[in-house]
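These notes are about the structure you will find just below.
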Amino acid sequence: MTTRQRPIGSGFGYRSTAADVLRGQDLSGRLALVTGGYSGIGLATTRALHEAGATVLVPARRPEQARRALAGLDRVEIAELDLAEQRGVRAFAEGFLAQGRGIDIAIGSAGMMECPEIRVGPGWEAQFAVNHLGHFALFRLLWPALARGGGSRVVLVSSLAHHFSDIRWADPQFTTGYDRTLAYGQAKTANILCAVRFDAIGAEHGIRAFAVHPGPILTGLQRHLSRAEMIERGWVDAEGTVVDPDFKTPEQGAATQVWAATAPRLGGIGGVYCEDCEIAEPAPEDGTLRGVCSYALDPTAADRLWAYSAELTLIRP
């Protein structure tokens, strides 16, 4: 089977920062929406896009925290949004569309990682609900604004954790045997499949979509992991200081999503998974955790997930 997962020679790499990627680009007059854009790699993304001249809209579950984190930045707009609440997602989208504005860049950077079993909405597993369904609904409802932007890009932040689990079609909501790591892996696979389908239907309207792995970064995303667990994984020492030499800074972690959102070299390309500011290669057969798994790019699975997500969120596919 042919694949579009081939590096294109971006000129950037593992340690590139979001500022490196944007150097020389002028995003004046462009509107970027960044969920989670007030903490971790989302905050680094917002700052880099703002520095390049973009206006940045940051939907935030904690607006007051967002205002503190983004204080002093002009052209940054903050609005309340909880991705776990579908009613709120609809209200946010309707309010934005009423303004008649277009969106040039939409980055789904907010998320949950390896949380204990939490149920939201009508009993949905929280990681699937927030990481996938919230962004599916938000970007699907904002479709008219994305199409109005002309050449818009949608970026969904996935993870190498997609290697841990395909979509569990028999029980995607983990109604039995909850496993927080597998649930996180499934949600990250869902992000990739969603980008594949979004690109397939968006390309003819000038909307291209990408999924990205930002790399390992210690941020608030790991808040559900104990210090002991992070020590066991070799990430930090007893004081909580990062000791894994492969970890990136938030600015380095933000680079790939900013690259996918803006790189001229990606013109005419979409529906691919990127890592380290490059289109990733297919995952090796030896099980090494790099590249992208074939099941995460399967267009049939992407169509099936899209239909399932539309059914859950009551949004037409």
Item to check | Failed criterion for Lys188 (all others in (1) touching a residue at least 60 places away in the same chain (Cβ under 8 Å); (2) in a helix (DSSP H, G or I); (3) of a type in the set (D, E, K, R) hold) | outcome: (1)
Checklist entry - So which of Gly220, Gly202 ends up being under 24 Å from Ser165 (Cα atoms) and in contact (Cβ under 8 Å) with a residue 60 or more places away in the chain? => result Gly220
Checklist entry - Name the pairs whose Cβ atoms lie under 6 Å apart, with the first residue in region 225-252 and more than 15 Å from Leu160 (Cβ to Cβ) and without any contact (Cβ under 8 Å) to a residue 40 or more places away in the chain, the second small (Gly, Ala, Ser) and surrounded by 14 or more Cβ atoms within 10 Å (Cβ to Cβ), and 6 or more positions between them or separate chains? => result none
Next on the checklist: If I ask for residues that are touching a helix residue (DSSP H, G or I) at 6+ places or on another chain (Cβ under 6 Å), charged (D, E, K, R) and assigned to a loop (DSSP other than H, G, I, E, B), which ones from region 77-102 would you list?
Outcome noted: Asp82
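So that you can scan it fast, the table gives a plain yes or no per residue for (1) hydroxyl-bearing (Ser, Thr, Tyr); (2) surrounded by 14 or more Cβ atoms within 10 Å (Cβ to Cβ); (3) under 23 Å from Pro144 (Cβ atoms):
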| site | (1), (2), (3) |
| --- | --- |
| Asp20 | no, yes, no |
| Leu27 | no, yes, yes |
| Leu31 | no, yes, yes |
| Ile41 | no, yes, no |
| Arg47 | no, yes, no |
| Ala52 | no, yes, no |
| Pro59 | no, yes, yes |
| Asp74 | no, no, no |
| Leu83 | no, yes, yes |
Next on the checklist: Take the residues in region 132-155 that are among the charged types (D, E, K, R) and surrounded by fewer than 22 Cβ atoms within 10 Å (Cβ to Cβ); name whichever of them is nearest to the chain's Cα centre (by Cα).
Outcome noted: Arg140
Checklist outcome for this item: Expected single match for at pLDDT 95 or above, out of contact with any Asp or Glu (no Cβ under 6 Å at 6 or more places or on another chain) and over 21 Å from Gly108 (Cα atoms) among Pro214, Pro245, Pro264, Pro282 is Pro282
Checklist entry - Of all helices (runs of 4 or more DSSP H) completely enclosed by region 7-74, which ones contain at least 1 residues that are in contact (Cβ under 8 Å) with a residue 12 or more places away in the chain and closer than 27 Å to Ala283 by Cα? => result 18-22, 40-51
Checklist entry - Restricting the search to region 217-242, which residues are under 20 Å from the mean Cα position of the chain (by Cα) and charged (D, E, K, R)? => result Arg223
Checklist outcome for this item: In region 250-274, residues that are touching a strand residue (DSSP E or B) at 6+ places or on another chain (Cβ under 6 Å) and crowded, with 22+ Cβ neighbours inside 10 Å total 8
Checklist entry - What's the number of the condition Thr2 fails, among (1) surrounded by fewer than 20 Cβ atoms within 10 Å (Cβ to Cβ); (2) modelled with pLDDT of 95 or more? => result (2)
Checklist entry - What are the residue pairs meeting all of these: first residue in region 111-137, first residue under 19 Å from Leu305 (Cα atoms), second residue of a type in the set (Lys, Arg), Cβ atoms under 8 Å, and 6 or more apart or on different chains? => result Glu125/Arg119; Ala126/Arg119; Gln127/Arg180; Asn131/Lys188; Ala137/Arg90
Checklist entry - Could you list, in sequence order, the residues of region 169-197 that are in contact with a strand residue (DSSP E or B) (Cβ under 9 Å, 6 or more places away or on another chain), surrounded by 23 or more Cβ atoms within 10 Å (Cβ to Cβ) and closer than 17 Å to Leu225 by Cα? => result Ala183
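The values are calculated or read from the model by the stated rules, or taken from the named source; none is laboratory data. For clarity, every value in this text was computed on a predicted model and none was experimentally measured. So basically every Cβ, Gly included, is an ideal-geometry build from the backbone, and we count neighbours across all protein chains shown.
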